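Take a look at the structure below.
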Amino acid sequence: MGAVSRAVLVTGCSTGIGREIASTLAARGMTVYATARRLASIADLEQSGCRLLQLDVTDEASATAAVETVAAEQGAVGVLVNNAGIQELGAVETVPLERMRALFETNLFGSIRMTQLVLPGMRAQRWGRIVNVGSMNGRWAMPGFAIYAASKHALEAITDAVRYEQRPFGIGISLMQPGMVRTKLGHAAAAKRDASEADPVWADYNQRIADVTLTWEDGPMGRLACSPQEVANAVRRAIEAGRPRTRYRVAASAGLTLGLRKVLPDRAFDAFLRTQFPSPRPPR
C-alpha cells in the first residue's frame with residue numbers, strides 16, 4: 001500500500017460554512033479542494049491556498065469528475081466534507097413537490113452519492129474521514145422548515161449506517177449538528193418563499209415564520225448562534241482526531257434545543273416551540 005492521501009474535498013464552498021471550512025483547513029496546511037457549481041463564486045479561495053474544482057453534487061458526471069480529479073492528483077479523496085445544502089421555508093401543505101425533491105437532491109442524495117464515490121479509495125488505503133454537515137434540525141423540526149429538517153433527519157440515519165459499515169476499514173464518520181449559524185441561509189429561504197399562496201391562512205403563517213426566522217438570525221436570539229468559523233473549527237477537530245466523535249454540537253442554541261428535545265415529551269416540546277414560533281391562525 002502506498003502513501004495515504006489526506007486530501008480534503010469540501011462541497012458547497014460558495015458561501016457561509018463551506019467557505020470557512022475550506023479556508024480553515026487550508027490554513028492548517030491541508031491539501032484542500034474547494035468546490036462550487038460556479039467557479040467564479042470561489043475564485044478568491046485560491047488565494048487562501050485552496051485548489052478549485054467545479055462540482056454540482058446533484059449531477060452524476062460532475063460529481064464523478066471531481067472525485068476522479070482528486071484521485072488522479074492525490075491517489076484518493078482522504079477527507080470528504082459534505083456541506084452543500086439549500087433551504088426551503090413554508091408549511092408542508094404549501095411547498096411544491098418539485099422544490100422538495102430539489103432540496104433532497106442536494107441535501108441528502110448529493111451527500112450520499114459523494115460518499116459512495118469516495119469510499120472505494122478510502123477503503124483501499126485503509127484510512128479516511130467523512131464529515132457530514134447536518135443540523136440541530138436533524139433531531140427536531142423547526143416550524144416552517146419541515147422539508148429541510150426532514151433532509152437532515154435522513155442524513156443522521158445515513159451517517160449512523162455508514163459509520164458502522166466503514167469502521168473496519170479505518171474510516172471515521174462524524175456529523176456536525178450546528179444550531180443557529182450567523183449566515184444568510186435563512187434570508188435566502190425567506191426571499192425564495194412563494195408569497196402568493198392562495199390560502200390566506202398559509203400566506204399569513206409563512207410570512208410570520210419568515211419574519212421570525214430573520215429575527216432569530218439578526219435579533220437577540222442571535223446570541224445563541226455561532227459563526228461559520230466555529231463550525232469550521234469543529235470540522236477541523238473531527239478530521240484531526242485519532243478517534244473522532246460521532247457528533248459535534250455547535251452553538252448554544254443546539255445544546256439548548258437538543259437537550260430539551262431529549263428530556264421533554266412531544267407535547268411539552270411542542271409547547272416550548274409555541275413560545276418561540278407563531279402558530280397558524282384559523283380563519284374566523
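Here are some notes:
- Candidates Ala124, Ala191, filtered to the one that is assigned to a helix (DSSP H, G or I), over 19 Å from the mean Cα position of the chain (by Cα) and at pLDDT below 95: Ala191
- Single match in Leu117, Leu175 (criterion: in contact with a Phe, Trp or Tyr (Cβ under 8 Å, 6 or more places away or on another chain), hydrophobic (A, V, I, L, M, F, W, C) and either touching a residue at least 12 places away in the same chain (Cβ under 8 Å) or not in a loop (DSSP other than H, G, I, E, B) (or both)): Leu175
- Screening the candidates Ala66, Ala71 for the property of being out of contact with any strand residue (DSSP E or B) (no Cβ under 8 Å at 6 or more places or on another chain), outside any loop (DSSP other than H, G, I, E, B), crowded, with 17+ Cβ neighbours inside 10 Å and small (Gly, Ala, Ser) yields one hit, Ala71.
- Taking segment 15-43 as the range and being modelled with pLDDT under 95 and not β-branched (Val, Ile, Thr) as the test, only Gly16 passes.
- Among the candidates Val8, Val95, Val77, Val81, residue that is of a type outside the set (Asp, Glu), in contact with a Leu (Cβ under 8 Å, 6 or more places away or on another chain) and closer than 21 Å to Gly138 by Cα: Val81
- The condition of being of a type outside the set (Ser, Thr, Tyr) and within 14 Å of Leu117 (Cα to Cα) holds for only one of Gly49, Gly75, that being Gly75.
- Residues located in segment 1-22, provided they are touching a helix residue (DSSP H, G or I) at 6+ places or on another chain (Cβ under 8 Å), farther than 13 Å from Gly78 by Cβ and surrounded by 24 or more Cβ atoms within 10 Å (Cβ to Cβ): Thr11, Gly12, Cys13, Ile17, Arg19, Ile21, Ala22
- For segment 1-54, a tally of residues being in a strand (DSSP E or B) and of a type outside the set (A, V, I, L, M, F, W, C) returns 4.
- Qualifying residue in segment 40-56 (condition: out of contact with any strand residue (DSSP E or B) (no Cβ under 7 Å at 6 or more places or on another chain), under 17 Å from Thr11 (Cβ atoms) and among the β-branched types (Val, Ile, Thr)): no
- Extreme residue, modelled with the highest pLDDT, among residues of segment 215-229 that are assigned to a helix (DSSP H, G or I) and surrounded by fewer than 16 Cβ atoms within 10 Å (Cβ to Cβ): Gln229
The values are calculated or read from the model by the stated rules, or taken from the named source; none is laboratory data. As the structure is a computational prediction, the values presented were derived from the model and not from experiment. Every residue, glycine as well, gets a Cβ built from its backbone with ideal geometry; the counts of neighbours run over all protein chains shown.
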